[in-house]
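Peer 1: Let me begin by handing over the structure; questions about it come next.
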Amino acid sequence: LDYRPLAQALRHVSATGLVDYAALKHDRLGLDEFVAQLGRASPINHPEQFESADDRLAFWLNAYHALVLQAGLDRAPDGELDSIGRSFYWLPSWAIGGRRFTLWSVERRFLSQTGDPRLPFALACGAKGCAQLDGAPYQADTVDAQLSDAVTRFVRDERNVKLKPDGVHLSLLFRTHEAGIRASLPEGRTHLLQFVWAFLPEACVERPGCD
């Protein structure tokens, strides 16, 4: 699978993870070509399609985000994806490797099953409460670092982690995926905030209140 057409579409993602849908609408050939490639891909139940687990993970992350972008262009008025939230989450469906999938089925069957606690904070579903979109396709040799970068962006966004005198206010995503996050922590660590702290700046001068 050639990720270059997707990279062309992702040029319209800002440094803060926001998509310029107006510009993408006029430059969507790469995105549509990539989605068409997904439909022509080898059957997904062929183990030889993926050389490694990282190849498989990069494939599904890129597929998910390409479909989110296409849904935003095709279903949201004027490309304003947040105006419809997740109304396209179960519908429509797309052809991938000889079968049809919704965004929900891609997330549940191929991404959540990895057990990686970072994944929920890397999936840009198109709504403001979700993760920020990466400006480059995921690659097998960099997917681990890209996932950590995605969590760092999410945690350091003050809309998602608010440090206040009365406590730490977290995005609902942390509560939704708390069980998986706790299970991933090293032995002896059980607090949700221990996951959060790992992605905050080391110097409190960069994030007042972190001390």
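The values are calculated or read from the model by the stated rules, or taken from the named source; none is laboratory data. Note that the structure is a prediction, hence the values are computed from the model and not measured. Cβ placement follows ideal geometry from the backbone for every residue including glycine, while neighbour counts extend to all protein chains displayed. For the accessible areas, the whole protein counts, side chains as well, though only heavy atoms, and no ligand, DNA or RNA atoms are used. Shrake-Rupley method; radii C 1.70, N 1.55, O 1.52, S 1.80 Å.
Peer 1: Open to solvent by 80 Å² or more (accessible area, probe 1.4 Å), out of contact with any Asp or Glu (no Cβ under 9 Å at 6 or more places or on another chain) and under 30 Å from ASP2 (Cβ atoms): is that true of ARG189 in this structure?
Peer 2: Here the answer is no, as ARG189 does not meet what is asked.
Peer 1: Take CYS204 and tell me if it is surrounded by 13 or more Cβ atoms within 10 Å (Cβ to Cβ) and not basic (Lys, Arg).
Peer 2: The answer is no for CYS204.
Peer 1: Here is a further query. Quick check: is even one residue across region 133-145 in a helix (DSSP H, G or I), more than 13 Å from the chain's Cα centre (by Cα), modelled with pLDDT of 90 or more and closer than 17 Å to LEU18 by Cα?
Peer 2: The answer is no, given that none of the residues of region 133-145 is in a helix (DSSP H, G or I), more than 13 Å from the chain's Cα centre (by Cα), modelled with pLDDT of 90 or more and closer than 17 Å to LEU18 by Cα.
Peer 1: Of all residues in region 46-76 being more than 17 Å from ASP141 (Cβ to Cβ) and assigned to a loop (DSSP other than H, G, I, E, B), which is modelled with the highest pLDDT?
Peer 2: HIS46
Peer 1: Quick check on my filter: what residues within region 113-123 are assigned to a loop (DSSP other than H, G, I, E, B) and open to solvent by less than 10 Å² (accessible area, probe 1.4 Å)?
Peer 2: Taking region 113-123 and keeping what is assigned to a loop (DSSP other than H, G, I, E, B), we get 115-118, 122-123.
Across region 113-123, the qualifying residue is only ALA122.
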